[in-house]
Amino acid sequence: MRREGGGSSGLHAKTHGQPLAARVFACLADGEFHSGEELAGALGVSRSAVWKAAHTLRELGATLHAVPNRGYRLHAGSEALDARRILEQLPPGAQECVRSLETAWTVDSTNSVLLARPNPPFGTSEVLLAEYQSAGRGRRGRAWVAPPGGSICLSLSWSFREVPQELGALGLAIGVCVLRALRGLGLEGGRLKWPNDILVNGRKLGGILIELRAESAGPACVIIGIGLNVALGEPLLAQIERTGIPATDLIASGMTHPSRNTLVAALLGHVVEGLKRFENEAMRPFIEEWRAADALRGTQIEVRTLSGSVSGWAKGIDLHGALVIETPQGIQRFISGEVTVRPAQ
Ligand code: BTN
C-alpha cells in the first residue's frame, strides 16, 4: 500500500480532502487484508481513528471483515470506482459522447445531482457515480439502498434534440442495454421484469430510474439512473427481502470477480449506443431482445396502478413498451404500474 500523497498519480493521493472512511475504503479496495497499524501509517492518522472509520463503513452497509492479527478486508468485488480506469475501457463510440465522468464518495442521489445541473449539449452525456448515496431513490418513491463498494450507483444525463415519441419506453430499451452489458461480461440467466427491473432467478439484481427534464422549447434531457447490486452481502440481502423484494447480487449470480470499473464502462458503452438508436428507431432495435428476456410473460400477475389493481395473464409488451394483460374483461394495456407475480394455484 502506498502512503497518501507518496506517488504522483497514486489512487490514494486522490482521496485527500475526503472523509477518513472514504480514504480507508480506498486503501481496502484492493480486497487484501490491511492491519489497523498499516492503515493508520499510510493515512497519517491514529489507529483509533481507523477503527472509527471502519465502524462508519459498516454503518453505511459495507461488508468489512476484521480478523485478529490480519486486519481489515472488504468484501470481494469492492474495487474502488476510478474514473480513469472507466474511461480507458469505454468503447470509442461512447468516449465521443461522454463529456464528463465523475466518481464521488457520497452524494444524496446521483440522479438528483444531475437533475440540478444544466442540460448537456445535444447528443452528449454527463456521467456521475457514487460509492454511497445518502438518499438513493428507486421507482415509485422507494428508497434505493446500496452499501459502499457493494453496488453500482450510476446516473447519466442525455439531451435528445426533441422529446422522442416513445419516451415512455426508454426504460425498457435501457433494460436491454444493461442486460447486453452484463451478458457480455458473462452473466447468465438475466431477465427483465416490466417495466424496469433486471432479475436473475426471479430476484432483483438491479433497477432503472428515468427522470425527464423537458423544457417548453428545445431539447429534452433525461437522467437515467442505474442501480446494480454487485456484492451486497447476506445481511443486506436479507434486509431487502424483508421489504418484500427478493434481491440478489452479481456475486450470488455467479460472477465471481466482477470489476466495477469494467462493468461501468460496459454499461456506459451499451447505454450510450442504445440512446443514439432509440432517438431514431424507438423500441425497434430492442423489442425482440426484451421479449426474449421477459420474466413475466405467461405468468399470472397483478398490476397496481393509481386507479386500482387488475389481475390477469401477462402477454408480453407491445411496440410502445406497454404491458399487455389478458383479463376476464379482455386484453388490457398498461403504460405504468407495479407488478407482482401471483403464486400458481
Ligand atoms: C428501482 O428499481 O426502483 C430503480 C432504482 C434506481 C437506483 C439508481 S442508483 C443511481 C441512481 N440514483 C438514484 O437515486 N437512483 C438511481
Legend entry - Solvent-accessible area of M255 with every protein chain in place, 1.4 Å probe, in Å² to the nearest 10: 20 Å²
Inset, instruction - Provide the gained length on full extension for the span S100 to S46, in nm with one decimal, where the gain is 0.36 nm per separating residue minus the Cα-Cα distance. - result: 15.8 nm
Inset, instruction - Go through the range 301-311 residue by residue and turn each phi into a ³J(HN,Hα) via Karplus (6.51, -1.76, 1.60, θ = phi - 60°); whole Hz please, and just put x for glycine and proline. - result: 10, 10, 10, 9, 10, 4, 9, x, 10, 10, 10
Legend entry - Contour excess over end-to-end distance, with Cα ends at E211 and V163 and 0.36 nm allotted per residue: 16.0 nm
Legend entry - 3J(HN,Hα) from dihedral phi, the range 130-140, Karplus parametrisation 6.51/-1.76/1.60, rounded to Hz, x for glycine, proline: 10, 5, 8, 10, 7, 9, x, 10, x, 5, 6
Legend entry - Cα-based convex hull volume of the chain per residue, rounded to whole Å³: 142 Å³
Legend entry - Simple label model, 7 Å out from Cα along Cβ direction - E281 to F122, nm: 2.1 nm
Legend entry - Gain on full stretching of the segment that runs from R291 to E59 - 0.36 nm per residue minus C-alpha separation: 79.5 nm
Inset, instruction - Name the residues whose placed amide hydrogens come within less than 5 Å of the amide hydrogen of K204, ignoring near sequence neighbours (fewer than 5 apart) on the same chain. - result: A247, T248
Inset, instruction - Measure nothing but the geometry: give the 0 to 90° angle between the long axis through the Cα atoms of 47-59 and the longest principal axis through the Cα atoms of the chain, rounded to 10°. - result: 10 degrees
Inset, instruction - Between the alpha-carbon centers of the range 109-152 and the range 161-212, tell me the distance in whole angstrom. - result: 16 Å
Legend entry - Residue-wise HN-Hα coupling along the range 21-30, computed from phi with Karplus coefficients 6.51, -1.76, 1.60 (Hz; x: Gly, Pro): 4, 5, 6, 5, 4, 4, 5, 8, 5, 7
Legend entry - Two-site FRET efficiency, Q239 against A135, from Cβ-Cβ distance with R₀ of 25 Å, rounded to 0.05: 0.90
Legend entry - Alpha-carbon centroids, the range 228-248 and the range 84-100: separation in whole Å: 31 Å
Inset, instruction - Give the relative contact order (percent, whole number) for the range 24-131; include only Cα pairs under 8 Å separated by 6+ residues. - result: 24 percent
Inset, instruction - Using a 1.4 angstrom probe, figure out how much accessible area the chain has per residue, in square angstrom, rounded to the nearest whole. - result: 45 Å²
Inset, instruction - Quote the FRET efficiency, to the nearest 0.05, computed for E38 versus Q18 with a Förster distance R0 of 25 Å and r equal to the Cβ-Cβ distance. - result: 0.85
Legend entry - Amide H within-cut-off set for A146, under 5 Å, with H built and near neighbours excluded: Q133
Legend entry - Residues of the range 19-55 with amide N under 17 Å of a point placed 7 Å along Cα→Cβ from H257: 29-33
Inset, instruction - May I ask you to give the percent of accessible area on the chain that is carbon plus sulfur, with a probe radius of 1.4 Å? - result: 50 percent
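The values are calculated or read from the model by the stated rules, or taken from the named source; none is laboratory data. All of these numbers come straight from a predicted model, not from anything done at the bench. Glycine gets a Cβ as well: all are built from the backbone with ideal geometry, and neighbour counts include every protein chain shown. Areas reflect the complete protein model, heavy atoms only, side chains present, ligands, DNA and RNA absent. Shrake-Rupley method; radii C 1.70, N 1.55, O 1.52, S 1.80 Å.
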